[in-house]
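Take a look at the structure set out below.
Each reported figure results from applying straightforward, stated rules to the coordinates on display, with no laboratory input. Nothing here was measured: the structure is a model prediction, and the numbers come from that model. Here the Cβ positions follow ideal geometry from the backbone for every residue, glycine too, while neighbour counts run over all protein chains shown.
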């Protein structure tokens, strides 16, 4: 299978880039499943039900999130009833929504997607290492036909991401890092067949700072005044990866995507 993963979609420009480029990329790479991180898709912070529906309607099959998932109150009841918008699995089990979902298309093997969040320089969360092992054991028991498993690890520290990648090598199809919005060039197929990249990148304006207005972000560092910034304006780019797998759910190749609209 060919799986397209779209890095953090930031605001309206990110949604515009994804909408415009998705048909092109699906055709070019013969994409079977599309997964995107949408936790910054609503004005750069969080996601709303309407925006989630818009992303799904443009051809994204499943949306992962991260630490900004709770920015908008109306996402809470929506998450509780959604099978295709998930939140980090290793936060409190009392939180609404789910951290693992399975999508299935006619004629294709199913794809399981797990969302995890890091603990280094991030909000409090349970251990992603132990949580992922428990979830994989449950997944194997309840859905023995699922061989393709994609993990979005929303984390800050490169070392934590690399550690989880090696920890899960051979147990999952791919571990794709998100959160830093800066695409890394360390894509690799690990020895046991797991595709890994520290960060898949960002989909939005590349003339800003992590997709946000640079004139509003710079004062955060020069004045120490922390305020929400607006989404940047300028050149729009879709960043992400395409992972190609075999029938056993092992990765064969990974291609980084940096496409301007």
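Tabulated data
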| item | result |
| --- | --- |
| For the range 183-247, diffusion coefficient by Stokes-Einstein and Kirkwood Rh (Cα), 25 °C, 0.890 mPa s, µm²/s | 173 µm²/s |
| Computed [θ] at 222 nm, deg cm²/dmol, the chain (DSSP H ≥ 4; -39,500 (n - 2.57); rounded to nearest 500) | -8000 deg cm²/dmol |
| Per principal axis, descending, Cα span of the range 1-117 in whole Å | 39, 31, 21 |
| Packing-based order for 78-91, 124-137, 221-234, using average beta carbon neighbours within 10 Å, highest first | 78-91, 124-137, 221-234 |
| Beta bridges per DSSP with both ends in the chain, % antiparallel, nearest 5 | 45 percent |
| Virtual spin-label span in nm between residue 26 and residue 246, 7 Å along Cα→Cβ | 2.9 nm |
| Computed E for residue 141/residue 74 - FRET, C-beta separation, R0 30 angstrom, nearest 0.05 | 0.30 |
| Inter-label distance, nm, simple model (7 Å from Cα along the C-beta direction), residue 120/residue 156 | 1.1 nm |
| Label zone at residue 235 (point 7 Å along Cα-to-Cβ), backbone N below 15 Å, the range 181-222 | 183, 202-211 |
| Rotationally averaged projected area of the range 135-261 (alpha carbon convex hull; nm²) | 9.5 nm² |
| Reference-scaled alpha-carbon Rg (2.2 N^0.38 Å with N residues) for the chain | 0.93 |
| Principal axis dimensions, largest first and in whole angstrom, of the range 66-159 by Cα | 40, 34, 22 |
| Ordering of 112-122, 4-14, 161-171 by packing [mean C-beta count within 10 Å, highest first] | 4-14, 112-122, 161-171 |
| Which of 41, 30 has the fewest Cβ neighbours within 10 Å, and the rest in rising order | 30, 41 |
